[in-house]
Amino acid sequence: MKKFDKNKKRLILRGALVLLVSVVLGFGFYSWNAATLAGNAMPMPFGTGVAVVLSGSMEPKLSVDDVVFVRATNDYEVGDVVVFQDGRSLVVHEIIEREENFVTTKGTANNTADAPIDVKYIKGEVVWSVPYVGAVIKIIKSPAFTVLILAAAVYLLVKSYKNERSEEEKALDEIRRQIEELKKEK
């Protein structure tokens with residue numbers, strides 16, 4: 001029964017590691033594909049996205065390394081804090097003027113307004129923010145972290161298989177020893 005429990009734990013551990021590696025690789029590939037091939041700096045699966053504030057232009061409302069959660073909508077009003085794509089970059093600013101399909105935005109800490117943009121470039125409205133978590137997300141999204149996670153997962157998988165193989169060899173050695181004893185008894 002004890003061996004069954006160990007094998008079950010190993011199987012669960014391996015499944016968790018494979019799942020973790022799959023999620024890391026999948027998310028990395030999805031983000032890379034969206035940003036590089038599609039030119040989409042912030043993919044919005046299910047109409048929701050996450051971005052990290054990179055500048056102090058929205059101080060004191062939002063600070064550098066704040067994480068903002070963005071919800072896509074079609075109804076933007078003056079006073080809404082929105083995320084829009086400017087080339088391959090994302091900008092988090094407040095709408096200060098709206099005219100039909102165009103809005104003018106401005107960072108609360110900036111002295112001048114941005115050039116008017118078409119609302120089609122707006123990813124969504126900021127609905128929630130978490131201070132300072134962006135520093136952690138930047139690390140997690142870095143290629144070095146991805147390589148580190150993959151290396152750790154491969155190491156743990158190999159170690160798990162080696163441990164299992166070692167236990168199997170010990171069991172086989174014990175069976176061989178018992179067979180040899182039985183042969184000597186005859």
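Each value in this text was obtained by applying a stated rule to the coordinates, not by laboratory testing. Predicted, not measured: the structure shown is a model, and the values here were computed from it. So basically every Cβ, Gly included, is an ideal-geometry build from the backbone, and we count neighbours across all protein chains shown.
Quick look at the values:
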read-out: Per-residue ³J(HN,Hα) for region 12-21, Karplus 6.51 cos²θ - 1.76 cosθ + 1.60, θ = phi - 60°, Hz, x for Gly and Pro; value: 5, 4, 5, x, 5, 5, 4, 4, 4, 4
read-out: Whole-number percent relative contact order across region 40-131, with pairs defined as alpha carbons under 8 Å at least 6 apart; value: 32
read-out: Where Rh is the Kirkwood radius over Cα pairs, Rg/Rh for region 114-186; value: 1.55
read-out: Low-density loop positions, GluC sites (Glu not before Pro), region 46-147 - DSSP coil, at most 11 other Cβ in 10 Å; value: Glu77, Glu100
read-out: Val136 paired with Lys183, simple spin-label distance in nm, labels 7 Å along Cα-to-beta-carbon; value: 6.0
read-out: Kirkwood-based shape ratio for the chain, expressed as Rg/Rh from alpha carbons; value: 1.31
read-out: Over 26 Å (Cα to Cα) - which of Lys6/Lys138; Lys9/Lys170; Lys8/Lys141; Lys8/Lys170; Lys61/Lys120; Lys61/Lys123 fall in this group; value: Lys6/Lys138; Lys8/Lys141
read-out: Ratio of Rg to Rh over region 42-98 (Cα coordinates, Kirkwood Rh, two decimals); value: 0.94
read-out: FRET E, pair Thr48, Lys159, Förster distance 35 Å, beta-carbon r, rounded to 0.05; value: 0.40
